[in-house]
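**Q** My structure is below; once you've seen it, I'll send some questions.
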Amino acid sequence: MVMRKLQLPLSQTQKVRFERAIERLQSLSSTANSDASVIVTDSIPVNHDDAFLKGHGTSEVDGELLATVCGVVERVDKLVYVRTLRARYKPEVGDIVVGRVIEVAQKRWRVELNFTQDGVLMLSSMNMPDGIQRRRTSVDELNMRNIFVEHDVVCAEVRNFQHDGSLQLQARSQKYGKLEKGQLLKVDPYLVKRSKHHFHYVENLGIDLIIGCNGFIWVGEHVEVRDPMAIDDQKDEEMISSSSTVKEQSHIPVETRQTVCRVGNAIRVLSNLGFTVTLEVIIETVNLSNSKNIDIHDMLGSEFHVVVAENEAERRRTKRKK
């Protein structure tokens, strides 16, 4: 794990506490074979008796494996490579991504994904609001702005790569689509690890958390994913709903907004410290702020950054013992 230099004013006591926590974290990470930070020309320890494969960011010189980039050493079976830090998002097919619509074009939306090129979400790859699988018509094309417009935040899945290197996205499920009533946060993509689950419903907080592989993270009010058949059955009831009911539905309770802001600030603190952003660490940081009675706006202060660093060092030490 590579920790960043904290760009916040620290008192002398806070500086000593923070440096001590960083030293503990570095001593813990240095003993882990799969989480050792290296810079250019650093030697990577390998067992030459066993066969190994040189991966990205490595080079063998005089029988010694050296790093050619700055990053973190990763090992997958016999493959040894260096995962570069602060690199732009490197997409893979099947990645869950969060992005922002920047253009509505002919039969497609262009989405900004924190990648070298924009993503393309075709109208044919989009789950229609009525939930019915059918051919797209010219009427659907005229109504594209009723689905997404510029600056809308959307969630989708990487389908494949186009010939020009851009990404083709798809949103063929009810869990994908437009995201509302929340915050969009941006962290460095290397802080997000690919996993089986990127959609999280934090029941005790009543929020949805989508950790995009591209470094965009969505925190918002929980939305029930309804079955298309159930939507059809409720169409008549929805048509009868009054304008006052619509207003109530668009209103977000103060408690929910405060929770979204608290979770958002927890992610910002983890990003500032250079810690890997996972559901476990996010929830622990939120609980830590509550247990210390720290206000939402005070979470971005120097003291809480130091407390989080100390807590992370203790968490990893306890986890290492187990």
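The values are calculated or read from the model by the stated rules, or taken from the named source; none is laboratory data. All figures in this text were calculated on a predicted structure; none of them were measured in a lab. Cβ: placed from backbone, ideal geometry, glycine included. Neighbour counts: every protein chain shown. Please note that ligands, DNA and RNA were not included when accessible areas were found on the heavy atoms of the full protein model with its side chains. Shrake-Rupley method; radii C 1.70, N 1.55, O 1.52, S 1.80 Å.
**Q** Scan the stretch 48-75 and report the pairs whose first residue is on the phi > 0 side of the Ramachandran plot and whose second residue is assigned to a strand (DSSP E or B) and aromatic (Phe, Trp, Tyr), with Cβ atoms within less than 7 Å and a gap of 6+ or a chain change.
**A** Short answer, once both residue conditions are applied: Gly57/Tyr81.
**Q** Let me ask something else. Buried (at least 17 other Cβ atoms within 10 Å of the Cβ) and under 24 Å from Asn287 (Cβ atoms): does that describe Gly206?
**A** no
**Q** Give the stretch 85-107 a look and list any residue that's open to solvent by 40 Å² or more (accessible area, probe 1.4 Å) and touching a residue at least 40 places away in the same chain (Cβ under 8 Å), or say none.
**A** Going through the stretch 85-107, the residues open to solvent by 40 Å² or more (accessible area, probe 1.4 Å) turn out to be 85-86, 88, 90, 92-93, 100, 102-103, 106-107.
The answer is Leu85, Arg86, Arg88, Lys90, Glu92, Val93, Arg100, Ile102, Glu103.
**Q** I would also like to ask the following. Out of the stretch 198-218, which residues are over 21 Å from Asp152 (Cβ atoms), touching a residue at least 24 places away in the same chain (Cβ under 8 Å) and not in a strand (DSSP E or B)?
**A** The answer is Leu205, Gly206.
**Q** Identify the residue in the stretch 266-322 that is in a helix (DSSP H, G or I) and among the hydroxyl-bearing types (Ser, Thr, Tyr) and, among all such residues, is farthest from Phe216 (Cα to Cα).
**A** In the first step, residues of the stretch 266-322 are kept if they are in a helix (DSSP H, G or I); the result is 266-273, 279-291, 297-300, 302-321.
From what is left, the residues that are among the hydroxyl-bearing types (Ser, Thr, Tyr) are 271, 285, 289, 291, 302, 318.
Details: Ser271: 12, Thr285: 19, Ser289: 23, Ser291: 28, Ser302: 24, Thr318: 30 Å.
Taking the candidates together, the pick is Thr318.
**Q** Restricting attention to strands (runs of 3 or more DSSP E) lying wholly within the stretch 109-176, give those where 2 or more residues are in contact (Cβ under 8 Å) with a residue 60 or more places away in the chain and either among the aliphatic types (A, V, I, L, M) or at negative phi (or both).
**A** Correct list: 153-161, 167-171.
**Q** Hey, can you tell me all the residues within the stretch 275-291 that are of a type in the set (D, E, K, R) and surrounded by 15 or more Cβ atoms within 10 Å (Cβ to Cβ)?
**A** Glu284
**Q** A further question on this structure: For Thr259, state whether it is open to solvent by 10 Å² or more (accessible area, probe 1.4 Å), touching a residue at least 12 places away in the same chain (Cβ under 8 Å) and outside any helix (DSSP H, G or I).
**A** So Thr259 does not fit the description; no.
**Q** Identify, please: which residue in the stretch 69-84 is open to solvent by 40 Å² or more (accessible area, probe 1.4 Å) and in contact with a His (Cβ under 9 Å, 6 or more places away or on another chain) and is, among those, nearest to Pro45 (Cα to Cα)?
**A** Restricting attention to the stretch 69-84, the residues satisfying the condition of being open to solvent by 40 Å² or more (accessible area, probe 1.4 Å) are 70, 75-79, 81, 83.
Filter once more, keeping what is in contact with a His (Cβ under 9 Å, 6 or more places away or on another chain): 81, 83.
Details: Tyr81: 12, Arg83: 16 Å.
Step by step, filter the stretch 69-84, then rank; the result is Tyr81.
**Q** Follow-up question, since we're still on this one. Listed residues Arg268, Arg262; which is in the same structural domain as Cys213 (by TED's automatic domain parsing), over 26 Å from Arg83 (Cα atoms) and at pLDDT 95 or above?
**A** Arg262
**Q** Taking the stretch 46-66 as the region of interest, how many residues are of a type in the set (A, V, I, L, M) and either surrounded by fewer than 16 Cβ atoms within 10 Å (Cβ to Cβ) or within 25 Å of Phe115 (Cα to Cα) (or both)?
**A** The first filter runs over the stretch 46-66 and keeps only residues of a type in the set (A, V, I, L, M), leaving 46, 51, 53, 61, 65-66.
The next check asks that each one be either surrounded by fewer than 16 Cβ atoms within 10 Å (Cβ to Cβ) or within 25 Å of Phe115 (Cα to Cα) (or both); those that pass are 51, 53, 61.
Summing the residues that are of a type in the set (A, V, I, L, M) and either surrounded by fewer than 16 Cβ atoms within 10 Å (Cβ to Cβ) or within 25 Å of Phe115 (Cα to Cα) (or both) in the stretch 46-66 gives 3.
**Q** While we're on this one: One residue is enough: does the stretch 77-89 have a residue meeting the conditions of a type in the set (Phe, Trp, Tyr) and assigned to a strand (DSSP E or B)?
**A** Yes - at least one qualifying residue is present in the stretch 77-89.
**Q** Same structure, new question: If you go through the stretch 169-184 one residue at a time, how many are of a type in the set (Ser, Thr, Tyr) and within 21 Å of Asp118 (Cα to Cα)?
**A** Of the residues in the stretch 169-184, 1 are of a type in the set (Ser, Thr, Tyr) and within 21 Å of Asp118 (Cα to Cα).
**Q** Moving to a separate point now. Could you list all residues from the stretch 156-203 that are open to solvent by less than 10 Å² (accessible area, probe 1.4 Å) and over 26 Å from Phe275 (Cβ atoms)?
**A** Selection gives Ala156, Ser166, Leu167, Leu169, Ala171, Gly177.
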